[in-house]
Structures are given as C-alpha cells and as structure tokens.
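Just below is one structure, and these are the notes that go with it.
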Amino acid sequence: MDYTVLVPIALVVIIAAYFILKSPARFIDVRLGNTTVHAEVADTFPKQMKGLMFRGSMPANQGMLFTFGYDGYHGIWMMNMSFPIDIIWVDSQQKVVDIVKNAQPCRIICPTYKPESEARYVIEVNAGFAKKHGVEIGDKVRFSLSS
C-alpha cells in the first residue's frame with residue numbers, strides 16, 4: 001500500500017477536526033412552509049464536511065443550514081448518519097429549487113444527492129418535515145437571526 005497518499009488525507013482530517021471542535025455553533029432561524037426551523041449554520045468546509053454525522057437524532061423544528069456563497073449543484077451524502085432527513089436546496093433568490101425526502105443514512109458506500117437546479121443553500125431537517133409542513137419546490141424561504 002502507498003502510504004504517501006494517506007498522509008495528506010490524514011492531515012486534512014486532523015486540521016478539519018480541529019476547526020470543527022474549536023468554533024462554536026451558530027444558529028439562524030429559517031422560515032420554511034408554515035413553520036420556522038432553528039438551524040445550525042455550516043458555513044465552512046470543515047463544518048460542511050461533518051454536517052450531521054455521528055449525531056443520534058435531531059430535535060423537531062431544528063436543522064442544519066449549509067451556506068456555500070455561490071450557486072452550484074451542491075451534493076449531500078448521508079455517511080455516518082443515524083437518522084433519515086429531508087434535504088432542501090434553496091437558490092440565491094431564497095426559493096426552494098429541489099427536495100429529497102426521506103434520505104436514508106448509510107455507513108460506507110453512500111449515494112450523493114444533488115439538486116436538479118443550482119442552489120446556494122442546503123437545509124437538512126428530519127425526514128417527513130417537508131410533507132408535514134407543506135414545503136414544496138418554488139416556495140420562498142426567509143432567513144433571520146436567531147433571538
């Protein structure tokens with residue numbers, strides 16, 4: 001085995017873990033459908049890489065907001081997740097452009113979910129959220145600072 005490839009990968013993982021653990025969580029309120037989600041902000045590569053990995057569950061009406069700063073076909077995977085989620089992509093005009101409902105957790109070989117249209121944000125919420133709260137493609141999303 002060629003270990004020269006593993007050393008840089010291990011270094012990136014260690015540095016990412018350091019920054020994930022060092023920075024405190026920041027939250028924002030996201031108005032989706034007929035309710036508001038208290039969302040943890042994942043606005044750096046290390047936070048986005050970790051996402052909701054290794055968490056046992058997530059309280060109702062909480063979620064994670066991935067902010068990318070540019071439009072793209074941002075992929076999401078479910079590696080090392082413990083619970084299913086709905087994945088909601090939002091464009092720069094704060095409009096829902098795609099939804100994957102009930103994405104299942106996986107351990108090793110995981111599919112990557114990508115939107116049909118370019119998006120700037122991704123919101124992860126518990127599975128069933130989109131249906132329960134009437135979230136649909138084309139809906140307007142509102143962001144506001146948490147109180």
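Things to note:
- Residue ID - farthest from the chain's Cα centre (by Cα), chosen from residues in the stretch 59-84 that are among the hydrophobic types (A, V, I, L, M, F, W, C) and within 21 Å of Arg142 (Cβ to Cβ): Ala60
- Test: residue in the stretch 58-71 that is out of contact with any Cys (no Cβ under 6 Å at 6 or more places or on another chain) and over 24 Å from Leu145 (Cβ atoms): no
- Checked against (1) assigned to a helix (DSSP H, G or I); (2) at pLDDT 95 or above; (3) hydroxyl-bearing (Ser, Thr, Tyr), Tyr18 meets all criteria but (2).
- So Val100, is it in a strand (DSSP E or B), over 19 Å from Lys47 (Cα atoms) and under 15 Å from the mean Cα position of the chain (by Cα): yes
- Restricting Gly56, Gly69 to those that are part of a strand (DSSP E or B), farther than 16 Å from Arg26 by Cα, modelled with pLDDT under 95 and not acidic (Asp, Glu) reduces the list to Gly69.
- Residues that are farther than 21 Å from Met58 by Cα and in a strand (DSSP E or B) were ranked within the stretch 113-141; the one that is farthest from the chain's Cα centre (by Cα) is Lys140.
- Scanning the stretch 95-116 for residues that are within 25 Å of Phe54 (Cβ to Cβ) and exposed (fewer than 15 other Cβ atoms within 10 Å of the Cβ) gives Asn102, Gln104, Cys106, Arg107, Ile108, Ile109, Pro111, Thr112.
- Inter-residue pairs, beta-carbon under 9 Å, first free of Cβ contacts under 8 Å to residues at least 24 places away in the same chain and surrounded by fewer than 23 Cβ atoms within 10 Å (Cβ to Cβ) and in the stretch 117-129, second among the aliphatic types (A, V, I, L, M) and part of a loop (DSSP other than H, G, I, E, B), 6+ apart: none
- Residues (in contact with a strand residue (DSSP E or B) (Cβ under 7 Å, 6 or more places away or on another chain), surrounded by 11 or more Cβ atoms within 10 Å (Cβ to Cβ) and of a type in the set (Lys, Arg)) located in the stretch 132-147: Lys140
The values are calculated or read from the model by the stated rules, or taken from the named source; none is laboratory data. Nothing here was measured: the structure is a model prediction, and the numbers come from that model. Please note: Cβ atoms are built from the backbone with ideal geometry, for glycine as well, and neighbour counts cover all protein chains shown.
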